[in-house]
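I have placed the structure first, in the form of structure tokens, so that the comments after it can refer back to it.
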Amino acid sequence: MAILNILHYPDERLHKVARPVEKVDDGIRRLIDDMAETMYEAPGIGLAATQVDVHLRVIVIDVSEDKTGLMALINPRILQADGHTVFEEGCLSVPGIYEEVERAQHVVIEALDRNGETLKLEAEGLLAICIQHEMDHLEGKVFVEKLSRLKQTRILSRLKKNQRKTL
Ligand code: ZN
């Protein structure tokens, strides 16, 4: 397994729309393993392939406290979404920034698992939020783009300042 490099906002590559996976093979399983290792090492609770500059519809998520809930979703599709919830989200591609975002409270999704089997999943709360956040990445969207222009401008200048400090 390998730790992959995570792209940081406002990198243009975060805006690419991911392609569906045509065949779940060993290459995809290796990608999933590397993404999981990268997510745990960061640490984060979700990672989309887009964030590691692989533009395929693959996400990994683990919202458990003890790293026992790893979930890999390939070609995820939302079948149903309802309710509203507001949560202060962060993102491995936007380090140090946490902002409130509104999303559906409950979702039903369909995806392929690492063996290429179709799975249907009902999620609410943090898991539902995380799934929607990661699926946005596959569409080339970063959560801060859901915020007002003013907030986005402030975030960009804060990120620039942080970069200067780490040089
Ligand atoms: Zn993210």
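Bear in mind that the values in this text are calculations on the coordinates, not laboratory data. All values derive from a computational prediction rather than experimental measurement. Reconstructed Cβ throughout: ideal geometry from the backbone, glycine too, with neighbour counts over all protein chains shown.
Which of the peptides 114-122, 25-33 is most tightly packed, and how do the rest follow, judged by the mean count of other Cβ atoms within 10 Å per residue?
Taking the mean over residues of other Cβ atoms within 10 Å, the ranking is 25-33, 114-122.
Quick check on the chain: take the gyration tensor over C-alpha atoms, sort the square-rooted eigenvalues as a ≥ b ≥ c, and tell me if it's rounded (a/c under 1.5), prolate or oblate.
Verdict is oblate for the chain.
Got a sec to turn the phi values of region 137-153 into Karplus ³J(HN,Hα) couplings, 6.51 cos²θ - 1.76 cosθ + 1.60 with θ = phi - 60°, whole Hz, x for Gly and Pro?
Those phi angles translate into 4, 5, 8, x, 10, 10, 4, 5, 6, 7, 8, 5, 4, 4, 5, 5, 5 Hz.
What ranking do 149-155, 54-60 get when scored by the average of other Cβ atoms within 10 Å per residue, highest first?
Going by the mean number of other Cβ atoms within 10 Å, highest first, we get 54-60, 149-155.
Could the peptides 67-78, 125-136 be put in order, highest first, of the mean number of other beta-carbon atoms found within 10 Å of their residues?
Going from most to least packed, we get 125-136, 67-78.
With θ set to phi - 60° and the Karplus curve 6.51 cos²θ - 1.76 cosθ + 1.60, what are the ³J(HN,Hα) couplings of region 103-113 in order, to the nearest whole Hz, using x for Gly and Pro?
9, 5, 7, 9, 9, 10, 10, 10, 7, 9, 8
Once every DSSP H run of n ≥ 4 in the chain is given -39500 (n - 2.57) and the sum is divided by its residues, what mean residue ellipticity at 222 nm do you get, rounded to the nearest 500 deg cm²/dmol?
Calculated mean residue ellipticity at 222 nm is -9500 deg cm²/dmol.
Using the Cα centre of the chain as the reference point, and only Cβ charges (+1 on K/R, -1 on D/E), how large is the resulting charge dipole? Debye, rounded to the nearest 20.
940
Name the residue farthest towards the positive end of the dipole of the chain from the options VAL21, PRO10, GLY125, assuming +1 on Cβ of Lys and Arg, -1 on Cβ of Asp and Glu, about the Cα centre.
PRO10
Need the full-extension length gain, LYS161 to HIS8, defined as separation in residues times 0.36 nm minus the C-alpha distance. One decimal, nm.
In short, 53.7 nm is gained.
Given a 10 angstrom Cα cut-off, can you work out which residue in VAL63, VAL142, VAL107 is the most mobile in a GNM of the chain?
Residue with maximal mean-square fluctuation among VAL63, VAL142, VAL107: VAL63.
Under 1.5 on a/c is rounded, so check that first for region 2-76, then, if it is not, pick prolate when a/b is larger than b/c and oblate when it is not; a ≥ b ≥ c are the square roots of the alpha carbon gyration tensor eigenvalues.
It comes out oblate by the Cα gyration axes.
Could you state the angle between the C-alpha long axis of helix 26-41 and the longest principal axis of the C-alpha atoms of the chain, as a value from 0 to 90 degrees rounded to the nearest 10?
Relative to the chain, helix 26-41 is tipped by roughly 40 degrees.
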